[in-house]
Amino acid sequence: MSIIDNINKAFDHRIRLGIMSVLMVNDYADFNMLKELLGATDGNLASHTKALEKAAYIKVEKQFIGRKPNTRYTATKSGKEAFKKHIDALERLIGK
Amino acid sequence: MESKKYLDDISEIKNMMNKSSRFISLSGLSGVMAGIYALGGAWLAHSKISADRMSAYSDLSEMETILQERELTIELLMIAGGVLVLALGTGILLSIRKAKREGEKIWNHSSKRLVINFFIPLLAGGLFSIAMLQYGYLSLVAPATLVFYGLACVNASKYTYGDVRYLGIANIVLGLIATQFVGYGLFFWAMGFGVLHILYGTLMYYRYDRAKQD
């Protein structure tokens, strides 16, 4: 088995990589925070979060802060593990 | 070619992790300036105290002595407050400038978190020190401010450059040593807030600010 197999296709995009990186070191992030950090448009970010949610790597919580709707994202346990594996694989690939 | 992409990915991950959890526009130069203000303040306080001691030998009534002590305490508080305001003001200004230069927002969730976590121990320490002044435990005020400031730095270090942690620990140790040298409060104060800040600020400046300007 080659190391390439450990490269996770779900993280093979700058925005998705960014979302996971933010959620690894923060308990949660809301939509606007991710948007600001990643410099993504609403539609773009929404489609990438949806993809990660489908893979069960992140959890989405919708709630209201006052009257404003607020979407909060957290990384799931399996998401964190998968991302760690992905980072390890990347590091081994450049280590060669 | 592939490995270039992997390298980019890794640096993007690191960048995002740092950017989203730590405020990295803190200016090193503001540390140096804070140290200089503190040394200036300490010098001013020293001259006020010596002037006060001189006049203590002249014959004043008890009432006059008490009034003079109170006046000195207020003057010292004002000096300390002035140093704090100047240091914070410069720090905020220089950080805004640095953030602008790097195209970062100054008031974002990471700077908010930094400010909140820095001010919890600092505010507690400030109020505690005022209470000590209130009850006349003057000799412990300088050590207490150093210890609480150190705790504030240690707490804040999780949300900015990790090196702030060592500045904090150094201040805590200095504050604890100062408890055993009553009467040298001002000296320890100048060491902690003055010399340590200048050392730390210079180190930060060369490590983070200068490198980016080149």
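Out of curiosity, is B:R22 within 13 Å of chain A (Cβ to nearest Cβ) and at pLDDT below 90? For B:R22, the condition - within 13 Å of chain A (Cβ to nearest Cβ) and at pLDDT below 90 - is met. In the stretch A:30-71, the residue that is modelled with the lowest pLDDT out of those that are of a type outside the set (D, E, K, R) and in contact with a Ser or Thr (Cβ under 7 Å, 6 or more places away or on another chain) is A:L37. Which one is surrounded by the most Cβ atoms within 10 Å (Cβ to Cβ), of the residues in the stretch B:188-207 that are of a type outside the set (A, V, I, L, M, F, W, C) and over 15 Å from the mean Cα position of the chain (by Cα)? In this case the residue turns out to be B:Y205.
If you go through the stretch B:6-54 and pick out every residue that is crowded, with 21+ Cβ neighbours inside 10 Å, assigned to a helix (DSSP H, G or I) and among the polar types (S, T, N, Q), you end up with 2. When you look at A:D42, is it within 14 Å of chain B (Cβ to nearest Cβ), over 10 Å from the mean Cα position of the chain (by Cα) and on the phi < 0 side of the Ramachandran plot, yes or no? Answer is no for this residue. The number of residues in the stretch B:139-170 that are in contact with a Gly (Cβ under 8 Å, 6 or more places away or on another chain) and within 23 Å of B:H46 (Cβ to Cβ) comes to 12.
One line per residue, one yes/no per condition, for (1) modelled with pLDDT under 90; (2) touching a helix residue (DSSP H, G or I) at 6+ places or on another chain (Cβ under 7 Å); (3) of a type in the set (D, E, K, R):
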residue	(1), (2), (3)
B:L26	yes, yes, no
B:M54	yes, no, no
B:E62	yes, no, yes
B:E69	yes, no, yes
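The values are calculated or read from the model by the stated rules, or taken from the named source; none is laboratory data. Keep in mind it's a predicted model, so treat the numbers as computed, not measured. Cβ coordinates were reconstructed from backbone atoms using ideal geometry, including for glycine residues, and neighbour counts include every protein chain displayed.
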